[in-house]
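Working notes, beginning with the structure itself.
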Amino acid sequence: MKCLITGGNVKVLGKAVHSLSRIGDELYLEPLKDGLSLRTVNSSRSAYACFLFAPLFFQQYQVASPGQDLLRCKILMKSFLSVFRSLAMVEKTVEKCCISLSSSNNYLVVQLHCKYGVKKTHNLSFQDCESLQAVFNPSLCPHLLRAPARVLAEAVLSFPPALTEVTLGIDRGRRVILRSYQEEEADSTNKAMVTETSIGEEDFQQLHAPEGIAVTFCLKEFRGLLSFAESANLPLTVHFDVPGRPVIFTIEDSLLDSHFVLATLLEQDPCSQNLCSPNPCQPVPQKQAHSIPHLDDFTNDDIDCYMIAMETTVGSEGSRAQPSTSLPPVSQPSHDLAPASEEEEEAEPSTVPGTPPPKKFRSLFFGSILAPVHSPQGPSPVLAEDSDGEG
Amino acid sequence: MKFRAKIVDLACLNHFTRVSNMIAKLAKTCTLRISPEKLNFILSDKLASGGVSMWCELEQENIFSEFQMEGVSVENNAIYLELTSENLSRALKTAQNARALKIKLTNKHFPCLTVSVELLSSSSSSRIVTHDIPIKVIPRRLWKDLQEPSVPDSDVSIYLPALKTMKSVVEKMKNISNQLVIEANLNGELNLKIETELVCVTTHFKDLGNPILPSESVSQSRHPEDMAEVHIDIKKLLQFLAGQQVTPTKAVCNIVSNRIVHFDLLLEDISLQYFIPALS
């Protein structure tokens, strides 16, 4: 694979990497016919992000040398980010950026051709991997809203930088609201300030959502995409569904595409649980119900173990460490995207420190129970760590 | 208990924002006292145990275009609320370009002070930002501890030098010692001194001028060169100085020898009094 990026697009690539770095620690780079895809997922599998740069984005784009298979690699986000660490510098000095990957090389080579004949070559070591692909389909989400990124960026300005979660909803009068989300605290003397921004419908290019709907997601992860969209001056589309189902943010342009899929909090109040399942912790894909009877043998253990194991059987999904939140990418029964699969390295015990062995065995066992059509993936690791101190 | 007020003038809003920023730097938690004519920010750590005391007063009609309040009862027509100062200053920060700002006492899930800002959105539709600041209502039996501190008869009263200069001096001194001596005389001289085993550093300010006090009896018997001094905790002085972002209209320092130092500032129409007790 070889591609050449010139001019202002180098900074765009850099900005994209910065947004991705807010989500995960590893970058999955995959040259496709449609373009170069950069993807990442966070450690608790509750956020997935991908950028697809169309061939037109590059001055030169060669997917694979003739006779070579398509290569895929996984790099440490930190390493790739260090190439584009200072965007201001990149904008000022870098004229061309050349990224190349070949099976003969042990490194992913990123070469920056800068002003005054300076050439910076970064040799980044990588690991071969399976394709990282979350399962989601924006068109299946019933609700959407679309606005210039600037509108949402301004709304988010009023929140403290440290705020983790935010609720997006539609209020009476067709106003879109963003409200800071606070977990219910037992210690009521130390309540935090609640901030809410309300934006009129007129500021949105599209708004298809009923009044009263609201979903809560991680603001920190969203900020990554928001800052990219704002600098690229592109409209941002938000596809969402009921609480618990993931929210999908998309940016579309002739040169690039981006999707950020974030898990949302499952509502705690009983009436909304009917939408998902009787058990608040149970994962959404009940199509997997046929495997549940098998799991009953193992449910003498505490409920958390059961939940974590369940999640890993479907392979691609995971949840946040807290039992109250639910899964992001949901396996659709059909046609669209292939179920996600993880590369073998992830099965190492070292990736999830502190996980007691029994859970892992259980998940390995479940991997084999499932019918082959559901499990192209190998042994899936326990993806969620023991939550500290929570149930 | 009811309270609702509105600010429409941008200059008033900025003034109020500056005051709340200053309060946020001076006190993490403070008491807001609302009365028909005034708004007060009060901090009252027990002076006896070495805590600082702060009293900030502003006339409500200089800031608010609308102001309605109903206190606890007719005889006690005031409301005392405890809040985290930073919340208020953060809420006001979002009102940089507001068309209007409303504050009211509400009870949504918990008692709070709701600050509602109407911003001008770029596409001419209004955007509203609402902040619910959690508060604690202070019961009437505790009101006596939150009254305006009496200004003691000072031994020396002197105008302060530029607060920014004082701050940079004290900031450097903080690295050398925890205690600082502040002394002044009726000859317009003020010294900031620190003493350690190894080193002694003094910064002298001259020609500061002394305000004419109404009761001249104490100062008349005093030799103008005599210094009145107080040993104080340097961090408390630094916190006070760090909170001053704007040049005050008037800044006076009153010293009661070995007892207390009292800073009396006037920022346009808002008065701030800050008391730092002597170290025991």
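Structure values in brief
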item	result
Test: residue in the stretch B:231-242 that is within 23 Å of the chain's Cα centre (by Cα) and in a loop (DSSP other than H, G, I, E, B)	no
Elements of type strands (runs of 3 or more DSSP E) in the stretch A:166-270, at least 1 residues being within 14 Å of chain B (Cβ to nearest Cβ) and surrounded by fewer than 24 Cβ atoms within 10 Å (Cβ to Cβ)	A:175-180, A:194-199, A:206-208, A:235-240
Pairs where the first residue, in the stretch A:177-190, is at pLDDT 70 or above and the second is part of a loop (DSSP other than H, G, I, E, B), C-beta under 7 Å, 6+ apart	A:S180/A:F159; A:S180/A:L163; A:Q182/A:A192
Failed item in (1) in a loop (DSSP other than H, G, I, E, B); (2) buried (at least 19 other Cβ atoms within 10 Å of the Cβ), with B:Q245 passing the rest	(2)
Those residues of the stretch A:146-165 which are among the hydrophobic types (A, V, I, L, M, F, W, C), in contact with a Leu (Cβ under 8 Å, 6 or more places away or on another chain) and either surrounded by fewer than 17 Cβ atoms within 10 Å (Cβ to Cβ) or more than 8 Å from chain B (Cβ to nearest Cβ) (or both), in sequence order	A:A147, A:A149, A:L152, A:A153, A:V156, A:F159, A:L163
Checking B:I176 against (1) part of a loop (DSSP other than H, G, I, E, B); (2) within 10 Å of another protein chain (Cβ to nearest Cβ); (3) modelled with pLDDT of 90 or more, the condition it does not meet	(2)
Filter result for the condition that a residue is within 30 Å of B:F3 (Cβ to Cβ) and within 26 Å of the chain's Cα centre (by Cα), over B:K108, B:K193, B:K102	B:K102
Matching residues, the stretch B:130-150, being among the aliphatic types (A, V, I, L, M) and in contact with a Ser or Thr (Cβ under 6 Å, 6 or more places away or on another chain)	B:L146
Wholly within the stretch A:27-101, strands (runs of 3 or more DSSP E) carrying at least 3 residues that are in contact (Cβ under 8 Å) with a residue 24 or more places away in the chain and under 23 Å from the mean Cα position of the chain (by Cα)	A:35-41, A:47-53, A:73-76
Restricting the stretch B:124-156 to residues that are over 18 Å from B:L101 (Cβ atoms) and acidic (D, E), the residue that is farthest from the other protein chains (Cβ to nearest Cβ)	B:D155
Which numbered condition B:S157 fails, given (1) closer than 20 Å to A:P160 by Cα; (2) among the hydroxyl-bearing types (S, T, Y); (3) part of a strand (DSSP E or B)	(1)
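The values are calculated or read from the model by the stated rules, or taken from the named source; none is laboratory data. The model shown is predicted, which means the values in this text are computed figures rather than measured ones. Don't worry about glycine lacking a Cβ; one is built from the backbone with ideal geometry, like all the others, and counts go over all protein chains shown.
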